[in-house]
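Everything on this sheet refers to the single structure shown next.
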Amino acid sequence: MTDTDQISDADADLDIEEGRYLYCAVYADDDAGLDAEGLDGEAVSVVVRDGIGVVVQPVDSVFDSENLTEVRQWLLTHQGVVDEAGAAFGTPLPFRFDTILRGDDATVVDWLAENRGELDDALSWLAGRWEYRVEVRWDETAVEESVGEDEDLRELAARVEDASEGTGFLLESQYETRLAERVEARRSEVEADLVERLDSHAVELQHAGDGAGVFSGSGGDDDLQRVTRLSLLADREAEGAIGEELEPFAEEPHQEVRYTGPWPPYSFAPEIGGGE
Amino acid sequence: MKHIELDEEEGDAASGLLALLVTVMELLVEAMEREAIRRMESGQLSPEEIERLGAQLQAIEAEIAEIKESEGIEQEVGQLRGDLDSLVADAVEQVRAEEALE
């Protein structure tokens with residue numbers, strides 16, 4: 001985002017006389033177009049230079065709002081356009097939401113020329129690869145019960161029963177701490193096991209943060225707690241193999257696995273023009 | 001960067017401040033509890049001392065619970081703890097991600 005013509009979200013000046021909103025870069029022919037509805041219902045187009053195109057739309061201000069519903073709607077529209085571009089041209093190199101270039105289509109062509117090398121490297125690295133997301137969740141109450149079967153914890157529970165009030169209070173607190181430690185240890189085990197099994201099928205693998213569940217669909221609609229969430233960059237051909245690796249995790253009692261994708265590689269897209 | 005809201009509802013800074021105080025007290029009591037347990041486990045305390053310490057901590061915890069209920073700040077305290085938790089969790093997650101990728 002250090003490109004001088006590029007406006008970042010933090011830019012205080014909301015009005016731009018003429019600008020181009022950038023969705024993503026793709027490999028495209030000179031006459032390429034894209035039939036998709038952009039932000040505020042505007043049409044999008046593909047500006048191409050020498051085999052690499054950017055999906056753009058004319059804008060005269062940045063997209064900034066205090067209204068979360070509106071922002072969410074924008075994000076979904078942005079993703080929708082990137083999805084369409086992926087379907088039409090193969091794996092896109094998505095840009096961050098609200099990436100705007102000050103100027104017209106000719107400016108975009110200049111920008112394409114300027115960043116040709118970086119764009120080509122990124123697109124060829126991403127070609128045929130997509131982002132997949134894996135989330136493991138479990139019923140923590142059930143896990144606590146099963147962890148509590150441990151002899152050490154059972155003995156402690158018995159001591160709580162037999163103790164007088166003050167001592168019982170401390171012992172119970174100790175019990176809860178140990179239980180939480182065991183649950184955390186098991187969570188780490190599941191996570192490490194998952195990473196180990198998936199690693200060989202992925203080009204890259206990341207722990208995904210707690211970000212809003214725009215990708216993962218609606219979470220929190222049941223009583224399950226998250227064990228871990230990973231993002232993988234993988235070849236399309238690895239999709240089935242990843243699914244197979246996930247089966248044992250899904251078969252565990254009280255445990256559920258969500259596997260989504262292919263997504264445009266949002267988590268793995270390098271920033272373009274940042275090295276200047 | 002996260003910041004912690006004391007007056008989410010307008011003009012409610014006093015109850016926000018109380019909630020913060022209670023949150024800090026809760027964390028302090030929990031730290032004391034852990035220390036008490038550590039000493040109990042390492043055999044530094046006599047059964048009488050354990051009983052007295054446990055009873056005191058239990059009484060303080062009950063007192064805090066009562067303040068939270070009578071002042072109606074249970075939710076705010078929960079929120080503050082959640083904010084603190086997620087600050088810490090973010091940091092932990094970052095370290096974990098870095099380790100996993102090494």
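The values are calculated or read from the model by the stated rules, or taken from the named source; none is laboratory data. Here the structure is a predicted model, which means the values were calculated and not measured. Please note: Cβ atoms are built from the backbone with ideal geometry, for glycine as well, and neighbour counts cover all protein chains shown.
Against the conditions (1) surrounded by fewer than 12 Cβ atoms within 10 Å (Cβ to Cβ); (2) in contact with a Phe, Trp or Tyr (Cβ under 7 Å, 6 or more places away or on another chain), where does residue B:54 fall short? Just the number, please.
So the condition that residue B:54 fails would be (1).
Output the number of residues of segment A:98-149 satisfying the condition of being at positive phi and either touching a strand residue (DSSP E or B) at 6+ places or on another chain (Cβ under 7 Å) or assigned to a helix (DSSP H, G or I) (or both).
Matching residues across segment A:98-149 total 2.
Please go through segment B:27-42 and pick out each residue that is exposed (fewer than 14 other Cβ atoms within 10 Å of the Cβ), under 17 Å from residue A:172 (Cα atoms) and not basic (Lys, Arg).
Result: B:31, B:35, B:41, B:42.
Can you work out which of the residues in segment A:92-124 that are among the acidic types (Asp, Glu) and under 14 Å from residue A:24 (Cα atoms) is surrounded by the fewest Cβ atoms within 10 Å (Cβ to Cβ)?
A:120
Examine segment A:37-49 for a residue that is assigned to a loop (DSSP other than H, G, I, E, B) and surrounded by fewer than 17 Cβ atoms within 10 Å (Cβ to Cβ), and state whether such a residue exists.
Yes, segment A:37-49 contains a residue that is assigned to a loop (DSSP other than H, G, I, E, B) and surrounded by fewer than 17 Cβ atoms within 10 Å (Cβ to Cβ).
Those residues that are at pLDDT below 90 and either surrounded by 16 or more Cβ atoms within 10 Å (Cβ to Cβ) or within 30 Å of residue A:203 (Cβ to Cβ) (or both), I need them from segment A:128-152; list them, please.
Residues satisfying the conditions are A:147, A:148.
Can you confirm whether segment B:74-85 contains a residue that is among the aliphatic types (A, V, I, L, M) and free of Cβ contacts under 8 Å to residues at least 40 places away in the same chain?
Within segment B:74-85 (the criterion being among the aliphatic types (A, V, I, L, M) and free of Cβ contacts under 8 Å to residues at least 40 places away in the same chain), the answer is no, since none of the residues qualifies.
With the requirement that a residue be closer than 13 Å to residue A:135 by Cα and within 15 Å of the chain's Cα centre (by Cα), what does segment A:234-276 give you?
Listed by number, the residues that qualify are A:258, A:259, A:260, A:261.
Given the conditions (1) surrounded by fewer than 17 Cβ atoms within 10 Å (Cβ to Cβ); (2) touching a residue at least 24 places away in the same chain (Cβ under 8 Å), which single one is not true for residue A:73?
It is condition (2) that residue A:73 fails.
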